[in-house]
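Participant: Sharing a structure, written as structure tokens. Questions coming.
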There are 2 protein chains.
Amino acid sequence: MATTIPDLTRALDAFTEALGADAVITDDTRLREFRDPFAYATWDDFTAGAVVMPRSVEEVQAVVRLANEHRVPIWTHGAGMNNGYGGPAPRLSGSVVVSLRRMNRVLEIDDECAYAVVEPGVRWFDLYDAIQAGGHKLMVSVPDLGWGSVVGNTLENGVTYLPTANDMAVACGLEVVLPSGEVMRTGMGAMPGNKAWHVYKRSLGPSPDHLFFQSNLGIVTRMGVWLMPQPECYLPLWLRVWNEDDLPALVETLRGLMLDRTIENVPQIWNTISFASVMSSRHLWYDGAEPIPDPVIDRMARELEVGRWMMRFALYGDEPIVDLKRRKIEEAFARIPGAEVWGEKCAGDRIAALENPHERVQGGVPNLDINQMTGWYGGEEGGHIGFSPVARLTGRDAVALRDLLRGLIEREAGLDYAAVLIPTNARSFVHITLIIFDTKDEAQARRAYDTSKLLVRESAKHGYGEYRAHLDFMDLASEQYSFNDHAYRRFVETIKDALDPNGILSPGKQGIWPRSLRD
Amino acid sequence: MATTIPDLTRALDAFTEALGADAVITDDTRLREFRDPFAYATWDDFTAGAVVMPRSVEEVQAVVRLANEHRVPIWTHGAGMNNGYGGPAPRLSGSVVVSLRRMNRVLEIDDECAYAVVEPGVRWFDLYDAIQAGGHKLMVSVPDLGWGSVVGNTLENGVTYLPTANDMAVACGLEVVLPSGEVMRTGMGAMPGNKAWHVYKRSLGPSPDHLFFQSNLGIVTRMGVWLMPQPECYLPLWLRVWNEDDLPALVETLRGLMLDRTIENVPQIWNTISFASVMSSRHLWYDGAEPIPDPVIDRMARELEVGRWMMRFALYGDEPIVDLKRRKIEEAFARIPGAEVWGEKCAGDRIAALENPHERVQGGVPNLDINQMTGWYGGEEGGHIGFSPVARLTGRDAVALRDLLRGLIEREAGLDYAAVLIPTNARSFVHITLIIFDTKDEAQARRAYDTSKLLVRESAKHGYGEYRAHLDFMDLASEQYSFNDHAYRRFVETIKDALDPNGILSPGKQGIWPRSLRD
């Protein structure tokens, strides 16, 4: 793969002229903020040549046009918090990072039809605050960490947890700056004066919206986000099981409860180590260099009271229905010996006061509390890589993936197996494998990155593919989707070449390179 | 728009050689079966030059390759029952219709994850029968008429009514023959051996699935369809209101009940005339040539017991929850004076025995009972055109669209205003305007087609666009989506030209023409 670093001198002058000097960052110290936050200090695989910060759609268009004129690769982010997958760093070193952080307006909050319209720099915190400030009785589905961009996270297929986000369904209606610099609006937004842009998801004709997810085919400058009316009753629930091998029964029971819509939100199933990593530090439990052995994990499970697997999930609705559903859930999980279900009801307008950050997240209240996870090995400087294959939501698949990944992570990398299984819909789950390491320990960091690549290859041999890939193995992850001699990749490349003949927009994103950088 | 009729002689020989003589239809009598079923007898705007009937993916690939070789336009359908929008007829006269009716295998029914995988010739009846024959405790979301193709209907954004189909969400994972003749699989299907193809909807990288809806960018040869587990209790419900102006209160109340997920399926709201048209004939009520006046509509409302607006909808779930929801619904609609809600519970495995065809449709049991609708004006030979704009699900929009469309239909066409409002999700609805006419009456038929075009233009002036367009005004409907000098259409055209340089696949579909037939 070609990775020529372009000469930016003339382009930077042009960007400065168009956007103003304060919108163009070139000094090395500030550029370091746009690295992969977990990369070892001296690594420079993915470094920005400069950063530009447009304030408006027109300025984004100007940036794209200048990039074409000067044949400069650009790489976009919303807030740039895509941690675990490379953060704000570009795939192609020397690219100009287009940071959309300054485009941070909440353009609309619609009470009637329960949606918001946001620019790409709006963070989950910002949208939540705007909803509160306006007194809207609406909830936004948020991810575990609230500092990211609503648009950026959603475009990466990022997972959030309210019923509205089941099956990744919140986005509705995009405005996009195409690689040509032209602005397009999707769906009903393509009709001037049409008010159904953010309430109906299809176009008359082919619907291109999902082409702009995990994509280098356009820069999304505006997006509709479906919100949920505040329910009368919110019931965050916990399920704990004590045996490692309770996992398949847990998953099978859960699928039934999701398929019949008893559970409508997006649950998370944590193993002991992943939960321990946000509550504790490794050295308190074990000081061996090798992976923590099972008896120690059992002790952690007991003493931290997190079990071998712990699931968080929630119910939302009228209190009598919530009560009925809770009873059904308790009965369903009672078939697993020792399984416990607990949780306390909360009024829909009192969620922000809850103490537990998970319960706030599932209630649409963003926070950063579980960020300490990455301190597991090394205090303040912890990092993680997300390795995240998708599987059918069956006990069989959960066990197969667990055994495969735990085996490789422990055996090949000597690291602990930290897993969070997230059923993003009733039929499938994403197996978030948190490869946690000390970013100050180069050997450990290198081993974590290398292990991730091994996992990509080995998982694919068993038919499991990533839902999202880290910069460092985007090509490798993409390589696994090889049906019919990579028909899918060639299809996207054909579109890429037609829309972006100069190959300026985010070259290499999810394994898609423009013609000039292929072969 | 160029509409050259190609010379097919050499191409037909090649198709015959590849597929066998029985797979190629050229005689005029048989070709007439592939006309717009409601076009007046002598009209020949949209006529097939021939029909080919491949039996397999390989044969579809052969057809596409030969079409490229001979530069012959092809036009596909699943079952060809797209009535109201042109049926199986091609947009460009002389095109070779590729009928996929022979590709009618149900490839898989998955009990665990509740989905089926079907070829494009599988009809709703076929899938339903396969589910019953296999003893699967699963329900398929079906449209009002069961004779269409599951794939064909779904690809046209056709509406079905189970909770699984809310927001048009049933399709998951496609196999597509591209205009080059190559086969591509989307999502997880792009990875050999991946079993999550039909349970997870996104790709690693941009997701192209929705590019193949209402599209001429590929021929879908296989699709996953999400099914729903049979509930303990099914409760089909009816709501009736007696005043024309109860509509906004009905819609506002409904939106609240859909946003909070009390009602999870896709309801239908019928006006008196649309309901009368499936239960009765016009001449029994009125023999004037002008539109039926309000006092007569009121009499029909009373005597047919359908009210001025009647809504069908349904609940599915555990009986105690269904009971609670029913009570909430009754209380909510009680604020409309005279509104009545009724319905009878039915066990989830007894739905096929229900007498009312609407209640069977909403219970996933396909039938053809309401097809007689089009007999309103003229007995056996009735026809209809669907004019179907999208709007926000608000009382304001429902009234604005009703007044606009009723006014134009009655005043300009002298026809009766038959409307079915379908909230395909909690935030928007499709206003199906059934322009019913006697296909034997050329003047009336012509007026119906002309009126539809007027409605397209006038609705767009008010910001309402079609979700789906009839062959006869696809270009006009597409023309209305003109934001930024038709940025959307130019975007799709760019993709079209890149994927289909010879412009062979369904030229003109939803207003998208290949380069050779533009300008």
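Participant: To the nearest whole number, what is the average tally of beta carbon atoms from other chains within 10 Å of the beta carbons of peptide B:107-113?
Facilitator: Details: counts 0, 0, 0, 2, 0, 11, 10.
Averaged over the peptide's residues, the number is 3.
Participant: Taking amide H positions as placed in the peptide plane 1.01 Å from N, state which residues far from A:GLY173 in sequence (5 or more) or on other chains have amide H under 5 Å from it.
Facilitator: Residues meeting the criterion, in which the H sits 1.01 Å from N, are A:GLY224.
Participant: Turning to a different aspect of this structure: Tilt of helix A:9-19 relative to the longest C-alpha principal axis of chain A, in degrees (0 to 90, nearest 10)?
Facilitator: For A:9-19 against chain A, the angle is about 80 degrees.
Participant: Pull out the extension gain between B:GLU331 and B:ALA133, defined as 0.36 nm times the separation in residues minus the alpha carbon to alpha carbon distance; nm, one decimal.
Facilitator: Working: separation 198, 0.36 × 198 = 71.28 nm, distance 4.08 nm.
So the chain would gain 67.2 nm between B:GLU331 and B:ALA133.
Participant: What does the charge count near A:ASP497 come to, summing +1 for each Lys or Arg and -1 for each Asp or Glu among other residues with Cβ under 11 Å from its Cβ?
Facilitator: Working: positive: A:ARG490, A:LYS496, A:ARG515, A:ARG518; negative: A:GLU493, A:ASP500.
So the surrounding residues net to +2.
Participant: In addition: Residue by residue, what Karplus-based ³J(HN,Hα) values in Hz, rounded to whole numbers, does segment A:383-390 have, using 6.51, -1.76 and 1.60 with θ = phi - 60° and x for Gly and Pro?
Facilitator: x, 8, 10, x, 10, 9, x, 9
Participant: At A:GLU108, with labels set 7 Å past Cα in the Cβ direction, how many nm apart are the copies from this one, shortest first?
Facilitator: Distances between equivalent label points, in nm: 4.0.
Participant: Can you list the copy-to-copy distances for B:ASN484, using a point 7 angstrom from Cα toward Cβ, in nanometres, shortest first?
Facilitator: Shortest to longest, the spacings are 3.1 nm.
Participant: List the lysines whose Cα lies under 27 Å from the Cα of B:LYS345, skipping any in the same chain that are fewer than 8 positions away.
Facilitator: Correct list for B:LYS345: A:LYS325, A:LYS328, B:LYS137, B:LYS325, B:LYS328.
Participant: Shifting gears a bit: Can you give the angle from 0 to 90° between the axis of helix B:57-70 and the longest principal axis of chain B, with both taken from C-alpha atoms, to the nearest 10?
Facilitator: 60
Participant: I would also like to ask the following. For the rotation that superimposes chain A on chain B, which residue of A has the C-beta lying nearest to the axis, and at what distance in Å?
Facilitator: A:ALA498, 2
Participant: Also, I was wondering about something else. Given segment B:81-176, report the % of alpha carbon pairs whose separation exceeds 22 Å. Could you put the intermediate results ahead of the total?
Facilitator: Numbers: 1299 of 4560 pairs.
In whole percent, the share of Cα-Cα pairs in segment B:81-176 beyond 22 Å is 28.
Participant: Oh, and also: Could you work out how far apart the two model spin labels at A:ARG396 and B:ALA400 are, taking each label as a point 7 Å from the Cα in the direction of the beta carbon, and quote it in nm?
Facilitator: Spacing of the two 7 Å Cα→Cβ label points: 5.3 nm.
Participant: Taking the label point 7 Å from Cα in the Cβ direction, how far apart in nm is A:ASP22 from each other copy of itself, listed shortest first?
Facilitator: Relative to the other copies, A:ASP22 has label-point distances of 7.8 nm.
Participant: Can you classify chain B as rounded, prolate or oblate using the Cα gyration tensor, where a ≥ b ≥ c are the square roots of its eigenvalues, rounded means a/c under 1.5, and otherwise it's prolate if a/b beats b/c and oblate if not? Could you put the intermediate results ahead of the total?
Facilitator: Values: a/c = 1.76, a/b = 1.28, b/c = 1.38.
It comes out oblate by the Cα gyration axes.
Participant: Considering every residue in A:179-190, what mean count of other chain Cβ atoms within 10 Å of its Cβ is obtained?
Facilitator: Numbers: counts 0, 4, 0, 5, 3, 9, 5, 6, 4, 11, 4, 12.
The shielding value for this peptide is 5.
Participant: Rounded to the nearest 100 Å², what is the sum over both chains of accessible area buried where B meets A, with a probe of 1.4 Å? Could you put the intermediate results ahead of the total?
Facilitator: Details: alone 20990 and 20970 Å², together 33610 Å².
Buried area (both sides, nearest 100 Å²): 8400 Å².
Participant: State the extension gain, in nm to one decimal, for the chain segment bounded by A:ASN484 and A:ASP44, taking 0.36 nm per residue of separation less the distance between their alpha-carbons.
Facilitator: Details: separation 440, 0.36 × 440 = 158.40 nm, distance 3.50 nm.
Going from the current span to full extension adds 154.9 nm.
Participant: Could you tell me the center-to-center distance, by alpha carbons, between segment B:66-84 and segment A:225-274 in angstrom?
Facilitator: If we compute the Cα centre of each part, the gap is 46 Å.
Participant: Then there's this: Taking the Cα centre of the protein assembly as shown as origin and charging only Cβ (+1 Lys, Arg; -1 Asp, Glu), how large is the dipole, in debye to the nearest 20? Present the calculation step by step, with values, prior to reporting the outcome.
Facilitator: Values: 106 positive and 142 negative charges, 103 e Å.
Taking the Cα centre of the protein assembly as shown as origin, the dipole is about 500 debye.
Participant: Now a separate question. Starting from the Cα of B:LYS201, draw a straight line to each of the aspartates and glutamates and keep only those under 12 Å, dropping any in the same chain fewer than 8 residues away.
Facilitator: By straight Cα distance, B:LYS201 reaches A:ASP167, B:ASP209.
Participant: Would you pull out the residues with amide H under 5 Å of B:LEU315's amide H, same chain only if 5 or more places away, H placed 1.01 Å from N?
Facilitator: B:LEU235, B:LEU237
Participant: With a sphere of radius 10 Å drawn around the Cβ of B:ALA426, what net charge do the other residues whose Cβ falls strictly inside it have (Lys, Arg +1; Asp, Glu -1)? Present the calculation step by step, with values, prior to reporting the outcome.
Facilitator: Details: positive: B:ARG255, B:ARG261, B:ARG427; negative: B:ASP167, B:ASP260, B:GLU264.
Value of the local net charge: 0.
Participant: Karplus couplings for segment A:480-497 from phi (6.51 cos²θ - 1.76 cosθ + 1.60, θ = phi - 60°), rounded to Hz, Gly and Pro as x?
Facilitator: Running phi through 6.51 cos²θ - 1.76 cosθ + 1.60 with θ = phi - 60° gives 6, 8, 9, 3, 6, 6, 6, 4, 4, 5, 5, 4, 5, 4, 4, 5, 4, 5 Hz.
Participant: What is the spin-label model distance, in nm, from A:ARG302 to B:ASP369 if the labels are put 7 Å beyond Cα along the C-beta direction?
Facilitator: In this crude label model, A:ARG302 to B:ASP369 measures out at 6.3 nm.
Participant: OK, next. Quick one: Cα centre-to-centre distance for segment A:343-363 and segment B:85-162, in angstrom?
Facilitator: Comparing the Cα centres of segment A:343-363 and segment B:85-162, I get a distance of 43 Å.
Participant: Okay, moving on. Just to be sure I understand the curve: with the Debye formula and one point per C-alpha of the protein assembly as shown, what is log10 I(q)/I(0) at q = 0.05 Å⁻¹?
Facilitator: With one equal scatterer per Cα and no solvent, log10 I(q)/I(0) is -0.30.
Participant: Then there is this: Which residues of segment B:260-278 show a drop of at least 20 Å² in accessible area when all protein chains are present, compared with their chain alone (probe radius 1.4 Å, heavy atoms only, ligands and nucleic acids excluded)?
Facilitator: B:ARG261, B:GLU264
Participant: Angle check, please: helix B:442-461 long axis (alpha carbons) against the longest principal axis of chain B (alpha carbons), in degrees 0 to 90, nearest 10.
Facilitator: That works out to roughly 80 degrees.
Participant: Continuing with the same structure: Answer rounded, prolate or oblate for segment A:338-443, using the Cα gyration tensor with square roots of eigenvalues a ≥ b ≥ c: rounded when a/c is under 1.5, else prolate when a/b is larger than b/c, else oblate. All intermediate terms of the calculation are to be shown ahead of the outcome.
Facilitator: Numbers: a/c = 2.46, a/b = 1.28, b/c = 1.92.
Oblate shape, in that a/c is at least 1.5 and b/c is the bigger or equal ratio.
Participant: For A:GLU410 and A:GLU344, what does the FRET efficiency come to when R0 = 35 Å and r is the distance between their Cβ atoms, rounded to the nearest 0.05?
Facilitator: 0.45
Participant: Averaged per residue, what accessible area in Å² does segment A:154-251 show with a 1.4 Å probe, protein chains only? Intermediate values should be presented prior to the final figure.
Facilitator: Working: 1820 Å² over 98 residues.
It amounts to 19 Å² per residue over segment A:154-251.
Participant: Name the shape class, rounded, prolate or oblate, that the alpha-carbon gyration tensor gives for segment A:199-318, where a ≥ b ≥ c are the square roots of its eigenvalues, rounded holds for a/c under 1.5, and otherwise prolate holds if a/b is larger than b/c and oblate otherwise.
Facilitator: On the way: a/c = 2.61, a/b = 1.74, b/c = 1.50.
Taking the square roots of the gyration eigenvalues as a ≥ b ≥ c, segment A:199-318 is prolate.
Participant: Further question: Give the lysines reachable from A:LYS440 as a straight Cα distance under 28 Å; neighbours fewer than 8 places away on the same chain don't count.
Facilitator: A:LYS453, A:LYS509
Participant: Same structure, new question: Count, for each residue of A:156-165, the Cβ atoms from other chains sitting within 10 Å of its Cβ, then give me the mean as a whole number. Before the final figure, lay out the partial values.
Facilitator: Details: counts 0, 6, 0, 0, 0, 0, 0, 1, 3, 0.
Mean partner shielding for this stretch: 1.
The values are calculated or read from the model by the stated rules, or taken from the named source; none is laboratory data. These numbers were taken from a predicted model, which means no experiment stands behind them. FYI the Cβ positions are ideal-geometry reconstructions off the backbone, even for glycines, and counts take in every protein chain you see. Only protein heavy atoms, including side chains, enter the accessible area calculation; ligands, DNA and RNA are left aside. Shrake-Rupley method; radii C 1.70, N 1.55, O 1.52, S 1.80 Å.
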